[in-house]
Amino acid sequence: MAGSERAVEGVVFDFNLTLARLVRWGGTHQAVFDRLGLPEAGRRWGDRWRNGPLDGEDHREHSVDPVSYHRWELDRLRNRARRCGVPADRVEDVVVELDRVNKALVMEPYPDAADVLGELRRRGLLVAVCSNWFWDLPAALDQTGLTGLVDVAVTSARAGARKPHPLIFHRTLAACGLRPDETVFVGDSWHADVEGPLAVGIAAIHLCRPGERPHEGRPDVPRASSLSDVLDLVGERTRA
């Protein structure tokens, strides 16, 4: 990452599986259906993520405020519950419980996260988080103890689009007051956290921890095996 590139002024991190990881769900969707006496509808429901927005989706018309966004979340759950055969008089019970367990997440930071973010800030760099997440990303950061080490936090719910859509990166840059050529993005997802930033002119570092399969599509993209490795890779840009 050295050479004629502009020196980096800010580092933007993905959140889940980059700075922190999920250690406990609020409960499984099947458990919700079983508890409400609707096991067959639960089996038709299946994967918890099928009701969420897709990566790259533009949903800015629903992201005007937290009430509008939550209404959209609930509407998606209602529509799918009906398709899965939930009786009309039970739909609201199902929706309320699914919404609750979807967001009752327990996150913990990776052991090196706080030290790395602190060191980047000591070097005078702006530190940001950009994540495909619910409206309440700041609450998740609070849970991990990283809030005081992050200058800017941007969530897809508030930005109006999910990575790798260009909108979320442009809104992150605007919130940071940075240009693409002075920013580095760090994340574990190749499509969302590498291809997405590169498409808008942001340099990327692919975080690929031991045991994970590296992506071989772009050998010119730096690879970090830990957050600590990011310090050296960013250091090359700060000396550019």
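Looking at region 12-22, is at least one residue part of a strand (DSSP E or B), aromatic (F, W, Y) and modelled with pLDDT of 95 or more? Outline the logic, then answer.
Going through region 12-22, the residues part of a strand (DSSP E or B) turn out to be 12-13, 16, 20-22.
Restricting the remaining residues to those that are aromatic (F, W, Y) gives 13.
Restricting the remaining residues to those that are modelled with pLDDT of 95 or more gives 13.
Yes, region 12-22 contains at least one residue that is part of a strand (DSSP E or B), aromatic (F, W, Y) and modelled with pLDDT of 95 or more.
For residues that are acidic (D, E) and not in a helix (DSSP H, G or I), tally how many sit in region 189-240.
Result for region 189-240: 3.
For S131, indicate whether it is touching an Asp or Glu at 6+ places or on another chain (Cβ under 7 Å), within 25 Å of A20 (Cβ to Cβ) and not aliphatic (A, V, I, L, M). If you could, list the steps in order and put the result at the bottom.
Details: touching an Asp or Glu at 6+ places or on another chain (Cβ under 7 Å): yes; within 25 Å of A20 (Cβ to Cβ): yes; not aliphatic (A, V, I, L, M): yes.
Judged against the criteria, S131 is a match.
Are any residues in region 154-178 of a type in the set (K, R) and touching a Gly at 6+ places or on another chain (Cβ under 8 Å), and if so, which ones?
R162, K163, R171
Go through (1) at pLDDT 95 or above; (2) surrounded by 14 or more Cβ atoms within 10 Å (Cβ to Cβ); (3) within 23 Å of V154 (Cβ to Cβ) for L105 and report which single condition fails.
Going through the list (1) at pLDDT 95 or above; (2) surrounded by 14 or more Cβ atoms within 10 Å (Cβ to Cβ); (3) within 23 Å of V154 (Cβ to Cβ), L105 breaks only (1).
The values are calculated or read from the model by the stated rules, or taken from the named source; none is laboratory data. For clarity, every value in this text was computed on a predicted model and none was experimentally measured. Heads up, the Cβs are rebuilt from the backbone with ideal geometry, glycines too, and the neighbour counts pull from every protein chain shown.
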